[in-house]
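Trainee: Provided herewith is a single structure, encoded as structure tokens, for subsequent inquiry.
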Amino acid sequence: MRKIYFEAPQKLDAEVKRYLTVSRKILGSNDAGLTANSPDVSFVTTEGPGHLIGALDEVVNQYELESQEQVAKIEHMELEMAMNKFQ
């Protein structure tokens, strides 16, 4: 999980921070200067619904997988403990 957030090729942490920085810049700017062709607006409207959502979905899937693996380990340990109790 740490690899997805902080290492190449994704560096998702940096991508999310950049997206938030640009979004905050837009929110704090004068509306008169914003257009659909503005580089910041273009970035937010393409990066968010495109690559960023896909990358975040990937993180959620990986987190679920790792969580399921941990639950399976715990269940296995509980089973072993129960079996040892009756021996």
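The numbers here are math on the coordinates, done by the rules we state, and not lab data. In this text the structure is predicted, and so the values were computed from the model without any measurement. A quick note on method: Cβ atoms are made from the backbone with ideal geometry, for glycine too, and the neighbour counts reach across all protein chains shown.
Trainee: Between Ile74 and Arg2, what is the label-point separation in nm under the 7 Å Cα-to-beta-carbon projection?
Mentor: Here the answer is 2.2 nm between the modelled labels.
Trainee: Quote the charge dipole size of the chain about the Cα centre in Debye, to the nearest 20; the model charges only the Cβ of Lys and Arg (+1) and of Asp and Glu (-1).
Mentor: 360 debye
Trainee: Calculate how steeply helix 53-85 sits against the longest principal axis of the alpha-carbon atoms of the chain, using the helix alpha-carbon long axis, and give the answer as 0 to 90 degrees to the nearest 10.
Mentor: Taking the Cα atoms of the chain, the angle to 53-85 is about 10 degrees.
Trainee: Take the chain, compute every pairwise Cα distance, and split them into 10 Å bins from 0; I just need the percent in each bin.
Mentor: Each 10 Å bin holds this share of Cα pairs: 15, 30, 21, 15, 10, 6, 3, 1.
Trainee: Take Lys11, Lys3 and order them by how many other Cβ atoms sit within 10 Å, fewest up front.
Mentor: Ranking Lys11, Lys3 by Cβ neighbours within 10 Å, fewest first, gives Lys3, Lys11.
Trainee: Follow-up. Taking 0.36 nm per residue of separation and subtracting the Cα-Cα distance, what length does fully extending Thr46 through Lys11 add?
Mentor: Length difference between fully extended and current span is 10.8 nm.
Trainee: Using only Cα atoms, tell me the angle between helix 12-27 and the longest principal axis of the chain; keep it within 0 to 90° and round to the nearest 10.
Mentor: Between the helix axis and the principal axis of the chain, the angle is about 40 degrees.
Trainee: Take a quick pass over the stretch 2-85 and tell me how many lysine pairs come in under 25 angstrom between Cα atoms, counting only ones 8 or more apart or on separate chains.
Mentor: 6
Trainee: Exposure proxy check: Val60, Val16 ranked by fewest other beta carbons within 10 Å?
Mentor: Going from sparsest to densest Cβ surroundings: Val60, Val16.
Trainee: Give me the number: length gained by fully extending Ser23 to Leu65, i.e. 0.36 nm times residue separation minus the C-alpha to C-alpha distance, one decimal in nm.
Mentor: 12.0 nm
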